[in-house]
Amino acid sequence: MNKREEIIATTVALYRVTELMPETEPLRLKIRELGNEILEKLFLGDKKGAKTKINLLLLYFDVALKQSRVKEKNFLVLRRKYKEIETNLVVEKIAKRPQIRPKQINNSFNSKKSRQQKILELMKANQGKIDLEQIREQFSNVSARTLRRDMSLLAKKDLVSRIRKSKKDVIFILKNNADN
């Protein structure tokens, strides 16, 4: 039996056990509602919500047992089944946890360095001048903020000059020592 069939069978068993309770018993209706909510949450993938509802259902089982409305073995079987479902939710959550990989500092440093080198080459090919829009066209997969940061680093290294043409428009000029 697959997980889906098992959850449905457990919900049907819950209905059968609560059938033994008096129809006027409010706990009967509440247990059935929780069983339906658990079923719904599991099929919608809300594992956290399902876990919360399962814990509440187990408390209702305790109340029903204290009232001696149904034989203890009926609720013990249901309790075991819902505990299995809850345990499987926790195990799945741990198994699906993404693996965290350490950042590859050297690779990102090299890509930044090569990107800045490519910008310098692009400037040389463009008669030593370039604006941010031209750089963005060449590096469409890199954010504008990152490209501005690259240009600031090149300016700090004294490889390019920054000249403001207007409020939003900046042009970068290749300095002579960058021709090496």
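Bear in mind that the values in this text are calculations on the coordinates, not laboratory data. Everything quoted here is computed from the prediction, not taken from an experiment. Cβ coordinates were reconstructed from backbone atoms using ideal geometry, including for glycine residues, and neighbour counts include every protein chain displayed.
Quick notes on this one:
- Whole-Å semi-axes of the ellipsoid equivalent to region 3-95 (Cα gyration tensor, √5λ, descending): 23, 13, 11
- Between Glu72 and Thr52, the simple label model (points 7 Å from Cα in the Cβ direction) yields a spacing of 3.3 nm.
- Estimated distance in nm for a label pair at Ile171 and Leu44, the labels positioned 7 Å out from Cα along Cα-to-Cβ: 5.9
- Extension gain (nm, one decimal) between Val63 and Glu5, 0.36 nm per residue minus Cα-Cα: 18.1 nm
- Computed about the Cα centre, the dipole magnitude for region 3-95 is approximately 240 debye when only Lys and Arg (+1) and Asp and Glu (-1) carry charge, each at its Cβ.
- Applying 0.36 nm per residue to the separation of Lys124 and Leu27 and subtracting their alpha-carbon distance, the gain on full extension is 26.9 nm.
- As a calculated quantity, the FRET efficiency between Lys157 and Asp131 at R0 = 25 Å, using C-beta atoms, amounts to about 0.80.
- Residues Asp46, Asp150, ranked from the fewest to the most other C-beta atoms within 10 Å, line up as Asp46, Asp150.
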